[in-house]
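Working notes for the structure below.
The values are calculated or read from the model by the stated rules, or taken from the named source; none is laboratory data. Predicted, not measured: the structure shown is a model, and the values here were computed from it. Don't worry about glycine lacking a Cβ; one is built from the backbone with ideal geometry, like all the others, and counts go over all protein chains shown. Keep in mind that these areas ignore ligands, DNA and RNA; they rest on the heavy atoms of the full protein, side chains included. Shrake-Rupley method; radii C 1.70, N 1.55, O 1.52, S 1.80 Å.
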Amino acid sequence: MPSSNSRTKNTLYNAIGGISVKLITLITTFISRTVFLKVLGIQYAGVSSVFTDVLIILSFAELGIGQAITYALYKPIAEGDSFQIKKLMAVYKRIYTTIAFVVFGVGLCLIPFLHYIIKDVPDIVEDIRLIYVLYLGNTACSYLLIYKSTFLTAAQKDYKVSRIKAVIAVLKSIIECVLLLVFRNFIVYLVFSIMVVILQNFIVAKIAEREYPIIKEKSKERLNIEERRKLVSDVRALALYKVSGTVLNGTDSIITSSIMGTGVVGILGNYNLITNNVYSFVMQIFNATSASIGNLVATSTNAHQYKIFKEMLFLCFWIYCFCSTCLWVLFNPFMQIWQGTDRMFSQIVVGLLVADFYIKGVLSPVSQFRTSNGLFVQGKYRPVIMAIINIVVSIILCRAIGIAGIILGTIISRALTQLWYDPWLIYREVFKESVFSYFLTYIFYLILTAVSCFASQQLLNVVYPKNNIIQLFIGLGICIVVSNLVVVLVFHSRTEFKKTIQIIRNVLKKNL
């Protein structure tokens, strides 16, 4: 049974590895995106965003199977049950191979309906159908061999492939930029992307096999009836959760394209590039804890889980308070430097993007503990309601107030469902505590974040340097000071703050 120190070490290694990869990926993606926009233009960026979101919808075929099997692997990995591990990996392999073909087949069936998705097909050289098929191929290929890398996640060993992913990210960005500048051709760019997906999955799979030869062994046994029934039940519930994430993340560009055109989608894609990458960057910290929490669930009491949850919630607030403050203050100054004033949204739209970013981010510990405790079946209809609200409200508000309505629709759907239901569920089923204390804490954290954003903006308005680049750097300094000062002043004497500082000190001692 892994010790607490072992869990902490693996979490630390996974977090450092994940953050390093994400930071490198963020920088290289930004450079690649800049070259892409300069060479091909905003219309291509809009098409790219729309097709990416269409294929997010198609990824619904995965049905949450990855989460269900990862959860099922926690216990046999912790107990060293190789017999059960081989059975689960055999199931995983069969399912994901099937998914790859299903996604590609269903995706091909959508080709006759592309003109409904792309309003006013942009003036581009390449056939829009060929572009779509290449995006489809990229998505289908991403499912091949992925089951082996997921085993590393369940075994708390994601850091084993972090360096490989970082190297591939850098090389991919460099070669993409060269291909764009030399060929100035979207098709060449897409074909190369497919090749990179296949290569990365192959390399990661080989590393996983080297670390855990057991995943190469074939199992002659199949899951028994009770195990299959449990897996099917979990997958059915997770399929509904998958709908929620798919609709929230995959419909904004489609609705915007069908109502407002691909040009607006391209601008939205620029903003989403920043928020999604910052979110993914921060989530490396919390994703690194997933397998450790799964092990914690299998070996610890509910009271100890509750203690760890509150510590994670505070850390999550602190990080997202800082990130939200930076996005609120610096988003448009950065966009003005990067893309110019004609490709910027109003501060109201920026505020809505930041609000959705914060709400989604601070729910991370809730999602981690819900998944790690296997709460898949409970509340399975919540995401369906969330999806319906999102689609209906987004369409109505988009027609009324434009792009702000799309983002507001997502916020409303999340606030009416996920924001209150998921915390209530884990407090009732796992912690056996009243959820009222969580809501009070959440509101308090939200107020402090708003204070941080407002104070930072007002202070920058007072200084307000005329040079945009100087303004950006001074604004960043203000955000760093103000957001952290708010947290230190309010929480310096509290247990969760002292515990977080202790963890940070330990991390620095081990890595400096």
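Can you tell me which residue in the stretch 344-377 is nearest to LYS310 (Cα to Cα), limited to those that are at pLDDT below 80 and open to solvent by 30 Å² or more (accessible area, probe 1.4 Å)? Steps first, answer last, please.
Taking the stretch 344-377 as the starting set, the residues that turn out to be at pLDDT below 80 are 371-377.
Next, only the ones that are open to solvent by 30 Å² or more (accessible area, probe 1.4 Å) stay: 373, 377.
On the way: ASN373: 16, VAL377: 24 Å.
This residue is ASN373.
Of all the criteria given as (1) within 22 Å of THR70 (Cα to Cα); (2) assigned to a helix (DSSP H, G or I), the one not satisfied by VAL377 is (2).
Could you list, in sequence order, the residues of the stretch 75-104 that are among the small types (Gly, Ala, Ser), more than 26 Å from the chain's Cα centre (by Cα) and surrounded by 12 or more Cβ atoms within 10 Å (Cβ to Cβ)? I'd like the intermediate steps shown before the answer.
Taking the stretch 75-104 as the starting set, the residues that turn out to be among the small types (Gly, Ala, Ser) are 78, 80, 82, 90, 100.
Right, trim to more than 26 Å from the chain's Cα centre (by Cα) and you get 78, 80, 82, 90.
Selection gives ALA78, SER82, ALA90.
Within the stretch 258-272, if we keep just the residues that are modelled with pLDDT under 75 and in a helix (DSSP H, G or I), the residue that is most open to solvent (accessible area, probe 1.4 Å) turns out to be GLY263.
Among the candidates TYR381, TYR306, which residue alone is more than 20 Å from the chain's Cα centre (by Cα), within 22 Å of PHE431 (Cβ to Cβ) and touching a residue at least 12 places away in the same chain (Cβ under 8 Å)? Reasoning before the result, please.
Working: TYR381 fails: within 22 Å of PHE431 (Cβ to Cβ).
Just one listed residue meets the conditions, TYR306.
Within the stretch 384-402, the set of residues being open to solvent by 60 Å² or more (accessible area, probe 1.4 Å) and free of Cβ contacts under 8 Å to residues at least 40 places away in the same chain comprises ILE385, ILE388, VAL392, ILE396, ALA400, ILE401. Checked against (1) open to solvent by 10 Å² or more (accessible area, probe 1.4 Å); (2) touching a Ser or Thr at 6+ places or on another chain (Cβ under 8 Å); (3) closer than 21 Å to SER280 by Cβ; (4) modelled with pLDDT of 85 or more, TRP338 passes all but condition (4).
In the stretch 177-192, the residues that are more than 16 Å from TYR132 (Cβ to Cβ) reach residues that are surrounded by 14 or more Cβ atoms within 10 Å (Cβ to Cβ) and basic (Lys, Arg) with C-beta atoms within less than 9 angstrom, at least six apart or across chains, in these pairs: PHE192/LYS172. Here LYS499 meets each of (1) more than 28 Å from the chain's Cα centre (by Cα); (2) farther than 24 Å from GLN347 by Cα; (3) of a type in the set (D, E, K, R) with one exception, condition (1).
In the stretch 355-372, the residues that are over 16 Å from LEU448 (Cα atoms) reach residues that are open to solvent by 10 Å² or more (accessible area, probe 1.4 Å) and outside any helix (DSSP H, G or I) with C-beta atoms within less than 8 angstrom, at least six apart or across chains, in these pairs: GLN368/THR289.
Here's the yes/no breakdown for (1) modelled with pLDDT under 75; (2) open to solvent by less than 30 Å² (accessible area, probe 1.4 Å); (3) in a helix (DSSP H, G or I); (4) closer than 21 Å to ARG129 by Cα:
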residue	(1), (2), (3), (4)
SER6	yes, no, yes, no
ASN10	yes, yes, yes, no
TYR13	yes, no, yes, no
SER20	yes, no, yes, no
SER32	no, yes, yes, no
ALA45	no, yes, yes, yes
PHE51	no, yes, yes, yes
VAL54	yes, yes, yes, yes
ALA68	yes, yes, yes, no
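Considering (1) over 26 Å from PHE369 (Cα atoms); (2) open to solvent by 40 Å² or more (accessible area, probe 1.4 Å), say which one GLY405 fails and leave the rest. Result: GLY405 passes all but (2). Taking helices (runs of 4 or more DSSP H) as the structural unit, those lying wholly within the stretch 410-512 and holding at least 2 residues that are closer than 30 Å to ASP252 by Cα correspond to 418-426, 436-463, 468-491.
Of all residues in the stretch 160-216, exactly one satisfies the criterion of being over 30 Å from GLN43 (Cα atoms), open to solvent by less than 50 Å² (accessible area, probe 1.4 Å) and among the hydroxyl-bearing types (Ser, Thr, Tyr), namely SER162.
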